[in-house]
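Working notes for the structure below.
The values are calculated or read from the model by the stated rules, or taken from the named source; none is laboratory data. For clarity, every value in this text was computed on a predicted model and none was experimentally measured. Note that each Cβ is placed from the backbone with ideal geometry, even for glycine, and that neighbours are counted across all protein chains shown. Side chains included, ligands, DNA and RNA excluded: accessible areas come from the protein's heavy atoms. Shrake-Rupley method; radii C 1.70, N 1.55, O 1.52, S 1.80 Å.
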Amino acid sequence: MTEEQDHVARIQAAWRAERPDLDVRPQGVIGRLHRIAARLTSELNLVYAQHGLTEGEFDVLAALRRAGTPYERAPGEIALHTMVTTGAVSKRVDRLEEAGLVHRRRSDADGRGRMVRLTPAGKRLIDKAFTAHIANEQRLLETLTPSEADQLEKLLKSWLTRLEPAD
């Protein structure tokens with residue numbers, strides 16, 4: 001399949017024939033990003049599964065690991081660092097705790113609050129899984145030249161900062 005004949009180009013051509021009154025150029029970007037995102041998600045999930053994790057569980061472990069020693073965050077902080085609700089974090093933490101990868105404890109600052117901390121087994125697993133994850137991401141970008149990857153990153157960063165409110 002050539003660049004000109006990809007799936008999105010065929011859809012655009014059909015819409016141009018049926019609705020010549022509409023500019024379907026946005027489909028070229030949005031449609032391809034959507035298809036790339038689906039493909040990337042599938043490829044990333046394969047690596048998570050090789051380590052016995054779901055994407056969400058990987059995200060929670062990674063958020064804890066990025067926190068630095070003692071690899072601990074409150075559930076609300078985990079939600080901010082994974083972009084999911086605290087309810088979703090709670091379900092993920094339940095599964096991770098059952099697997100012995102995290103431990104919940106009462107907060108020192110607020111006895112009602114909870115803290116979630118990586119266990120030594122959780123730290124070993126996320127370090128191993130993250131190493132494989134980065135290798136996988138590098139593999140997925142190998143089809144681009146370093147210059148293309150840099151250019152794409154700059155374009156996506158610029159677009160995303162315009163679409164998302166500042167943190």
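Of the residues that sit in segment 1-47 and are at pLDDT below 95 and polar (S, T, N, Q), which one is nearest to residue 131 (Cα to Cα)? The extreme case among them is 2. Contact annotation: residue pairs with Cβ atoms under 8 Å, 6 or more positions apart or on different chains, pairing a residue in segment 113-124 that is over 19 Å from residue 76 (Cβ atoms) and in contact (Cβ under 8 Å) with a residue 24 or more places away in the chain with a partner that is open to solvent by 60 Å² or more (accessible area, probe 1.4 Å) and part of a helix (DSSP H, G or I), are 123/65. For residue 99, are the conditions met, namely being within 17 Å of residue 53 (Cβ to Cβ) and either more than 20 Å from the chain's Cα centre (by Cα) or surrounded by 12 or more Cβ atoms within 10 Å (Cβ to Cβ) (or both)? For residue 99, the condition - within 17 Å of residue 53 (Cβ to Cβ) and either more than 20 Å from the chain's Cα centre (by Cα) or surrounded by 12 or more Cβ atoms within 10 Å (Cβ to Cβ) (or both) - is met. Consider residue 133 carefully, then state whether it is surrounded by 11 or more Cβ atoms within 10 Å (Cβ to Cβ), out of contact with any strand residue (DSSP E or B) (no Cβ under 9 Å at 6 or more places or on another chain) and within 19 Å of residue 52 (Cβ to Cβ). Considered against the rule, which asks whether it is surrounded by 11 or more Cβ atoms within 10 Å (Cβ to Cβ), out of contact with any strand residue (DSSP E or B) (no Cβ under 9 Å at 6 or more places or on another chain) and within 19 Å of residue 52 (Cβ to Cβ), residue 133 comes out as yes. May I ask you to list the residues in segment 1-28 that are open to solvent by less than 80 Å² (accessible area, probe 1.4 Å) and either aromatic (Phe, Trp, Tyr) or part of a helix (DSSP H, G or I) (or both)? Scanning segment 1-28 gives 7, 8, 9, 11, 12, 13, 14, 17, 26, 27, 28. Run down 128, 123 and say which single residue is among the charged types (D, E, K, R), open to solvent by 70 Å² or more (accessible area, probe 1.4 Å) and under 20 Å from the mean Cα position of the chain (by Cα). One residue alone meets the criteria, 128. Within segment 3-24, residues that are touching a residue at least 24 places away in the same chain (Cβ under 8 Å) and within 20 Å of residue 35 (Cα to Cα) reach partners that are part of a helix (DSSP H, G or I) and of a type outside the set (Val, Ile, Thr) with beta carbons closer than 6 Å, at six or more positions or on different chains, in the pairs 8/31; 8/32. For segment 52-94, a residue qualifies if it is without any contact (Cβ under 8 Å) to a residue 40 or more places away in the chain, open to solvent by 60 Å² or more (accessible area, probe 1.4 Å) and assigned to a helix (DSSP H, G or I), and the qualifying residues are 55, 66, 77, 80, 81, 86, 91, 94. Quick check: is even one residue across segment 141-164 within 22 Å of residue 46 (Cα to Cα), part of a helix (DSSP H, G or I) and out of contact with any Phe, Trp or Tyr (no Cβ under 6 Å at 6 or more places or on another chain)? Yes.
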